[in-house]
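Below is one structure, written out as structure tokens; comments come after it.
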Amino acid sequence: MIETENLTKKFWDLTAVDNLTLHVDDGEVFGFLGPNGAGKTTTIRILCCLISKTSGTATIGGYEIGNKADWLKIRKTIGLVPDNVGLSENLTAYDNLDFYGKIYDLSDTQRKENNKRFLEMLGLWDKRNVLAGTFSKGMKQKLAIARALIHDPQVLFMDEPTANLDPEASKTVRDFILQLKKEKKTIFLNTHNLDEAQRICDRVAIMNTSLRAIGTPQDLESSVSGRKTVIGLEQQVNEPVLGALKKLPLKNLSINGDTITFDVEDPDKENSPVVETIVLAGGHVRSINVVGSTLEDTYLKLLRK
Amino acid sequence: MRLSKAWIVAARDFKIFRRVKNVWSSIIIFPVVISVLFPVILEYLAVRGSHGLAAPGVLPNLLNSFSFFLVIGAANVPLGIASYSVVGEKVEKSLEPLLATPLTDGEILLGKAISAVIPTLVAMYAAAVVFMVGIDGVTFNTLGYYYFPNWNIATLLLVLMPVAIVMSVLFSVIVSSRVNDVRSANSFGIFILFPLLGIYLSSETSIITLDVSTLLIISGAILAVDVALFFLSTKTFRREEILTKWK
Ligand SMILES: Nc1ncnc2c1ncn2[C@@H]1O[C@H](COP(=O)(O)OP(=O)(O)O)[C@@H](O)[C@H]1O
Ligand SMILES: [Mg+2]
């Protein structure tokens, strides 16, 4: 549905997006993950034909970005939820939606139907005659989503839709995205929230000016080897225990109060000698856990590169 | 460019304007002042005073200059509206989603222009009727029904005023897309009034006479400026800058 090849955007001498090559399948929820300034918004703006690309190619549904002849078709295919919701504050929720319905040439009945459907789906129907300017952040975000969907686009671009929302509002938005996924919409989701990406995205790209990794959240997690053993003691780690541990060939040993952490490759074999050593040195073990690497680990590791 | 699309933008702006006090005041205050004040001034200066202005030969020229002031007033009114409607969008950041729709730049700009021109025309025509009735009221003894009919003011209202309003609106739209607050948009917008003021002063000092043919020539010139400004506005409305620099 979305394909880019070596897509690059330069602002004067600053490269915001560097040789981005990716594809997003039909009906996929695609997470575009990266820290502030990673080029996420810039990428969305290029894909929505809002700003020009410096080089490379990009297509949406086979239509080419930057080709004047495809311009209108792309716009009818996509819906955009920008990072600033961009509602008309002096219009009611209903009028905000209705205006966009008119732009997309929906008939009167179709508009009425869609306005009602989306306002109801997002729990805003009761507030339809209230000015958008008086809405809470969460309500504004929902209205912006409804607006982007009013013409039933095949592809929905969302730029950090849950940033600045309280946990409850974030959850509503995420649940709604999952609902859209059932309707087979393709969703390109900018986010800097790992947890969110992991929970709702089929595939995730990690971006920091250039693409760092791409795959399912599970793929990315296991791409960083590095499980850890975490041992909790009943008391603070003392000198004898520490001395004994240091004699063992442990990788990345770290002590934090009553907790001992080290890298482990085969926990079944490696953990028991460590525990024995601790006990012999007079320590009392309270708990042992093996933790896998998380998407967060992958993310942080890739960004450091 | 599809007029129907521009109209959708304009219709939304009308809805927004209903709730914005600044827009209301610019639509109402100036027309009211101009339409009431001038007949009153004339009453005191020309009719009751003893300046000899009441002489039938002098009065019509004075009145023609006065009525030209209606045009200047008309050009002043949309400055407030147009700058609000463009700068307002910037502040709300509502242009980004709009630019992602199938609307073209020309349709958006034309919509903005229509939404400022129409309320101005309505307000100024209402003001003109009050003005003409008022002037006729105070000059009836010397001139009879001066304005009913009068080709001079008909040309002025029906030809010159619309093109002057359009000029002012387009100029204001261009200025507004370059600045970030309504106040500076307004203060730059005032510049468009200078040429009109020049014409007004020339007529007051009898350098030109504002008869029908002169008015038509001025209108033609302004129309040419309108066309040029419209193209300039679509050229200066660069999407990329609007999104990335309009902070
Ligand atoms: N109009 C612009 N002019 C210059 N630099 C810009 C402009 N827009 C964005 N940038 C820069 O491009 C980089 C990427 O920005 P952006 O795409 O907004 O990142 P993100 O959305 O991931 O936070 C940043 O370093 C930002 O400062
Ligand atoms: Mg961003």
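Put the Cα centre of the range A:145-203 next to the Cα centre of the range A:260-287 and the gap is 43 Å. Helix A:267-280 and the long axis of chain A differ in direction by around 50°, with both axes built from C-alpha atoms.
Remark: mean inter-chain Cβ contacts per residue of A:72-79 equal 2, using a 10 Å Cβ-Cβ cutoff to other protein chain atoms.
From the Cα trace of the protein assembly as shown, what convex hull volume per residue do you get, rounded to a whole Å³?
Numbers: hull volume 111.5 nm³, N = 552.
Given the Cα convex hull of the protein assembly as shown, per-residue volume reads 202 Å³.
Could you work out the helix-only [θ] at 222 nm for the protein assembly as shown, with each DSSP H run of four or more residues adding -39,500 (n - 2.57) and the total divided by the number of residues, to the nearest 500 deg cm²/dmol?
Numbers: 22 runs with 304 residues, N = 552.
So the calculated ellipticity at 222 nm is -17500 deg cm²/dmol.
For chain B, with only Lys/Arg (+1) and Asp/Glu (-1) charged at the beta-carbon, what is the dipole magnitude about the Cα centre, in debye rounded to 20?
Working: 18 positive and 14 negative charges, 179 e Å.
Taking the Cα centre of chain B as origin, the dipole is about 860 debye.
When you count the other C-beta atoms within 10 angstrom of each residue and take the mean per peptide, A:151-157, A:118-124 line up highest first as A:151-157, A:118-124. Simple spin-label estimate for B:ASN180 and B:ALA126 gives 3.7 nm between the two label positions (7 Å along the Cα-to-Cβ direction from each Cα). Since only B:LEU109, A:LEU303, A:PRO82 are under comparison, the one whose Cα sits farthest along the positive direction of the charge dipole of the protein assembly as shown, derived from C-beta charges on Lys, Arg, Asp and Glu, is B:LEU109. At q = 0.10 Å⁻¹ the log10 of I(q)/I(0) for chain A amounts to -0.67, computed by Debye summation with a single uniform scatterer per C-alpha, solvent ignored.
For peptide B:182-193, the mean count of partner chain Cβ atoms within 10 Å of a residue's Cβ comes to 0.
Here each label is just a point 7 Å from Cα along the line to Cβ, and for A:GLU276 and B:SER4 those points are 8.5 nm apart. Among the listed pairs B:LYS15/B:LYS112; A:LYS140/B:LYS5; A:LYS73/A:LYS140, which have their C-alpha atoms separated by more than 18 angstrom in this model? Result: A:LYS140/B:LYS5; A:LYS73/A:LYS140 exceed 18 Å. Applying a threshold of 32 Å to the alpha-carbon distances of A:LYS53/A:LYS228; A:LYS76/A:LYS142; A:LYS116/B:LYS93 flags A:LYS53/A:LYS228 as lying beyond it.
Charge dipole of the protein assembly as shown (Cα centre as origin; +1 on each Lys and Arg Cβ, -1 on each Asp and Glu Cβ, all else neutral): 640 debye, rounded to the nearest 20.
For the range A:83-144, the convex hull spanned by the alpha carbon atoms encloses 78 Å³ per residue.
Applying a threshold of 28 Å to the alpha-carbon distances of B:LYS21/B:LYS235; A:LYS40/A:LYS251; A:LYS40/A:LYS68 flags B:LYS21/B:LYS235; A:LYS40/A:LYS251 as lying beyond it. In the range A:89-223, taking the dipole from charged Cβ atoms about the Cα centre, the farthest positive-side position among A:LEU91, A:LEU189, A:GLY138 is held by A:LEU91.
Using alpha-carbon positions, what is the distance between the centroids of the range A:51-104 and the range B:3-27, in Å? When both Cα centres are located, 22 Å separates them. Of the GluC sites (Glu not before Pro) in the range A:184-266, which ones lie in a loop per DSSP and count no more than 10 other C-beta atoms within 10 Å? Sites meeting the loop and neighbour criteria: A:GLU234, A:GLU265. On the basis of the beta-carbon distance and an R0 of 60 Å, A:ASP195 and B:LEU216 show a calculated FRET efficiency of 0.30.
Placing a label point 7 Å from the Cα of A:GLN110 along the Cα-to-Cβ direction, no residue of the range B:1-34 has a backbone N closer than 12 Å. Taken over the range A:10-154, the alpha-carbon convex hull comes to 139 cubic angstrom per residue.
Which of the helices in chain B meet the span-like rule: DSSP H, Cα axial reach of 24 Å or more, Kyte-Doolittle mean at least 1.0? If you can, show how the numbers build up before the last one.
Numbers: long enough: B:21-42 (31 Å, 1.95); B:59-92 (51 Å, 0.96); B:105-143 (54 Å, 1.37); B:212-236 (35 Å, 1.75).
Taking the DSSP H segments of chain B (at least 24 Å long, mean hydropathy at least 1.0), we get B:21-42, B:105-143, B:212-236.
Working note: Karplus 6.51/-1.76/1.60 with θ = phi - 60° gives the range A:188-204 the couplings 10, 10, 7, 7, 10, 9, 5, 4, 4, 4, 5, 6, 10, 9, 6, 9, 10 Hz, where Gly and Pro are set to x. Model label points for A:LYS182 and A:SER52, set 7 angstrom from Cα along the Cα-to-Cβ axis, are 4.5 nm apart.
Peptide B:100-106: average number of partner chain Cβ atoms within 10 Å per residue? Walk me through the intermediate numbers first.
Details: counts 15, 11, 10, 3, 2, 0, 0.
That works out to 6 on average.
Placing unit charges on the Cβ atoms of the charged side chains and taking the dipole of chain A about its Cα centre, the candidate lying farthest along the positive direction among A:GLN235, A:PRO267, A:SER55 is A:SER55. Any idea what the relative contact order of chain A is, in percent, if you count C-alpha pairs under 8 Å spaced at least 6 apart? Relative contact order here is 20 percent. Taking 15 Å as the straight-line reach from the Cα of A:LYS247, the aspartates and glutamates in range (excluding those fewer than 8 positions away in the same chain) are A:GLU239, A:GLU270, A:GLU276.
Remark: relative contact order (the range A:156-305) = 24 percent; criterion is Cα-Cα distance under 8 angstrom and separation of 6 or more residues.
The ellipsoid that matches the Cα gyration tensor of the range A:176-305 has semi-axes, each √(5λ) in whole angstrom, of 39, 15, 12, with the longest given first.
I'd like the Karplus ³J(HN,Hα) series for the range A:21-37: coefficients 6.51, -1.76, 1.60, θ = phi - 60°, whole numbers in Hz, and an x wherever there's a Gly or Pro. Each residue of the range A:21-37 in turn: 10, 7, 9, 10, 7, 4, x, 8, 9, 10, x, 10, 10, x, x, 4, x Hz.
Quick note: the coordinates plus some simple rules give every number you see, no bench work behind them. If you're wondering where the values come from, they're calculated on a predicted model, not measured in any experiment. We place every Cβ from the backbone using ideal geometry, glycine too, and count neighbours over all the protein chains shown.
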